[in-house]
1. If you take the residues in the stretch 59-70 that are of a type outside the set (Val, Ile, Thr) and part of a strand (DSSP E or B), which one is farthest from ASN22 (Cα to Cα)?
2. Please go through the stretch 3-13 and pick out each residue that is open to solvent by 80 Å² or more (accessible area, probe 1.4 Å) and of a type in the set (A, V, I, L, M).
3. Determine which single condition VAL8 fails, assuming it passes every other condition in (1) at pLDDT 95 or above; (2) not in a strand (DSSP E or B).
4. Could you check the stretch 38-58 and list, in sequence order, the residues that are among the small types (Gly, Ala, Ser) and either part of a strand (DSSP E or B) or in contact (Cβ under 8 Å) with a residue 60 or more places away in the chain (or both)?
5. When the residues of the stretch 38-50 are narrowed to those that are modelled with pLDDT of 95 or more, open to solvent by 30 Å² or more (accessible area, probe 1.4 Å) and β-branched (Val, Ile, Thr), which ends up farthest from VAL65 (Cα to Cα)?
6. Look at the stretch 14-37 and say how many of its residues are surrounded by fewer than 16 Cβ atoms within 10 Å (Cβ to Cβ), without any contact (Cβ under 8 Å) to a residue 24 or more places away in the chain and not in a loop (DSSP other than H, G, I, E, B).
7. Would you mind telling me which numbered condition in (1) open to solvent by less than 50 Å² (accessible area, probe 1.4 Å); (2) over 11 Å from the mean Cα position of the chain (by Cα); (3) β-branched (Val, Ile, Thr) ILE64 fails?
Amino acid sequence: MSNFVSGVSVGTDVSTFKNKFNVKNGSLKVMNSNYQEKTSGVIATGDRAVVYYQNGTKFADYAIVLYGDT
C-alpha cells in the first residue's frame, strides 16, 4: 500500500489543493519536505498532505507527487 497523492496539476496552489478534500472531525495540513506547514504557494513534489484528528494527533501522512514539476 502506497501512501502518496498523485494527479495534482503543476501550479496548483495550497488552498485549491486543500479544497479538494473533505476532512470530518479533523484537519488537513500541507507541509513542505521539512514538515513545516505551507499555507500559501504552489504544491510541489516532496510536499506532504497530513491529516490530523481533532485533538491534533496525526492520523495519516501522504507524500505528494507531481508529474512534470522540477
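The values are calculated or read from the model by the stated rules, or taken from the named source; none is laboratory data. Model, not experiment: these values are computed from the prediction. In this analysis, Cβ positions are derived from the backbone assuming ideal geometry, glycine residues included, and neighbour counts consider all displayed protein chains. The protein model used for the area step is the full one, side chains on, heavy atoms only, and it has no ligands, DNA or RNA in it. Shrake-Rupley method; radii C 1.70, N 1.55, O 1.52, S 1.80 Å.
1. It comes out as ALA63.
2. Going residue by residue through the stretch 3-13, those that are open to solvent by 80 Å² or more (accessible area, probe 1.4 Å) are 3-4, 10.
Within the stretch 3-13, VAL10 is the sole residue that qualifies.
3. The number of the failed condition is (1).
4. Once the filter is applied, which keeps residues that are among the small types (Gly, Ala, Ser) and either part of a strand (DSSP E or B) or in contact (Cβ under 8 Å) with a residue 60 or more places away in the chain (or both), the stretch 38-58 yields only ALA49.
5. Per the stated criteria, the residue is THR39.
6. 2
7. ILE64 satisfies every listed condition except (2).
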